[in-house]
Amino acid sequence: GENVEQHPSTLSVQEGDSAVIKCTYSDSASNYFPWYKQELGKRPQLIIDIRSNVGEKKDQRIAVTLNKTAKHFSLHITETQPEDSAVYFCAASIIGGGNKLTFGTGTQLKVEL
Amino acid sequence: KAGVTQTPRYLIKTRGQQVTLSCSPISGHRSVSWYQQTPGQGLQFLFEYFSETQRNKGNFPGRFSGRQFSNSRSEMNVSTLELGDSALYLCASSFLAVGDEQFFGPGTRLTVL
């Protein structure tokens, strides 16, 4: 089955700096890659997703890149703010294979003032 | 539009008991997936239901089961509870059947004593 690895497990940045979180996946059939943000005590919320027919997608301060050949995808957050502090999860699934998400282990992002 | 709801929010059980958790998806959503979240294992997929049929199943023992009703509400059941079943159980609903955004509920925190 699919396996998703996520690094780093913790990330501390200064406010205004950029943060990058990286994931690799094992199943070349995976073609949908969402990123979820989970604040303490709250439910995971989708912040951005990408499908394998594109290499990059941006939404304001957040961007995701995908390298299908290397089976890598990354989340980039620019101009980080304290409210970006949360746990971020990457995930992978196969469109057409139902809504089964395989998650990475999460990255605790801390944005310091 | 009301979000995904889960009941109960908190549950305390003892080993050997069984438990039923409920999930009401967003109106119009027909796919419901269940995930177990623990500090050690992260977010792990349990199963997915679509139109009352189980479409996908994760790698959990047969003590974990689920079902979906004609109104798309879903329940999951865990029999013969073990200490290791203590976790946050999240359900997520989506509109489409194929790799669509999943909206998570607030979760049910199960503690097994």
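Among B:W34, B:T20, B:F64, flag the residue with its Cα farthest along the positive direction of the charge dipole of chain B, charges on Cβ as +1 for Lys/Arg and -1 for Asp/Glu.
The residue sitting most towards the positive pole is B:T20.
Take the alpha carbon gyration tensor of chain B, find the square roots of its eigenvalues, order them as a ≥ b ≥ c, and report rounded if a/c is under 1.5; if not, report prolate when a/b exceeds b/c, else oblate.
prolate
Run the dipole for the protein assembly as shown about the Cα centre, Lys and Arg Cβ at +1, Asp and Glu Cβ at -1, nothing else charged, and hand back the magnitude in debye, nearest 20.
It works out to roughly 660 debye.
To the nearest 20 debye, what is the magnitude of the charge dipole of the range A:1-93 about its Cα centre, counting +1 on the Cβ of each Lys and Arg and -1 on the Cβ of each Asp and Glu?
Taking the Cα centre of the range A:1-93 as origin, the dipole is about 280 debye.
Over 18 Å between Cα atoms: which of A:K22/A:K42; A:K22/A:K110; A:K100/B:K57; A:K22/A:K57; A:K22/A:K71 fall into that group?
Over 18 Å Cα-Cα: A:K22/A:K42.
With unit charges on the beta carbons (Lys and Arg positive, Asp and Glu negative) and the dipole taken about the Cα centre of the range A:1-99, which residue among A:A86, A:Y36, A:G98 sits farthest to the positive side?
It is A:G98, whose Cα lies furthest towards the positive end.
Rounded to the nearest 0.05, what FRET efficiency do A:E112 and B:N59 give with R0 = 22 Å and r taken as the Cβ-Cβ distance? Could you check?
Between A:E112 and B:N59 the formula returns 0.05.
By the scheme Lys and Arg +1, Asp and Glu -1, what is the net charge of all other residues having a beta-carbon under 9 Å from that of B:L110?
+1
I need the shape label for the protein assembly as shown. Rule: rounded when a/c is under 1.5, else prolate if a/b > b/c, else oblate, with a, b, c from the alpha carbon gyration tensor.
prolate
Using Cβ contacts closer than 10 Å as the measure, can you line up B:S33, B:S70 from fewest to most?
Ranking B:S33, B:S70 by Cβ neighbours within 10 Å, fewest first, gives B:S70, B:S33.
Add +1 for every Lys or Arg and -1 for every Asp or Glu among the other residues with Cβ under 14 Å from the Cβ of B:K13, and state the total.
With Lys, Arg at +1 and Asp, Glu at -1, the neighbours total +1.
Might you report the magnitude of the Cβ-based charge dipole of chain B about its Cα centre, with Lys and Arg at +1 and Asp and Glu at -1, to the nearest 20 debye?
Dipole size: approximately 220 debye.
Can you list which of the chymotrypsin sites (Phe, Trp or Tyr not before Pro) found in the range B:72-113 are DSSP loop residues with at most 16 other C-beta atoms within 10 Å?
Taking the range B:72-113 and a limit of 16 other Cβ atoms within 10 Å, the loop chymotrypsin sites (Phe, Trp or Tyr not before Pro) found are B:F95.
Calculate the FRET efficiency for B:F95 and A:K68 from the Cβ-Cβ distance with a Förster distance of 25 Å, rounded to the nearest 0.05.
With a Förster radius of 25 Å, E is 0.45.
Each label point is 7 Å from the Cα along the Cα-to-Cβ direction; what then is the distance between the points at A:E79 and B:E82, in nm?
Inter-label distance under the simple model: 5.0 nm.
Computed from the coordinates by the stated procedures, all read-outs in this text should not be read as laboratory data. Note that the coordinates shown come from a computational prediction; the quantities given were computed from them, not determined experimentally. No Cβ is skipped: glycine too gets one built from the backbone with ideal geometry, and neighbour counts run over all protein chains shown.
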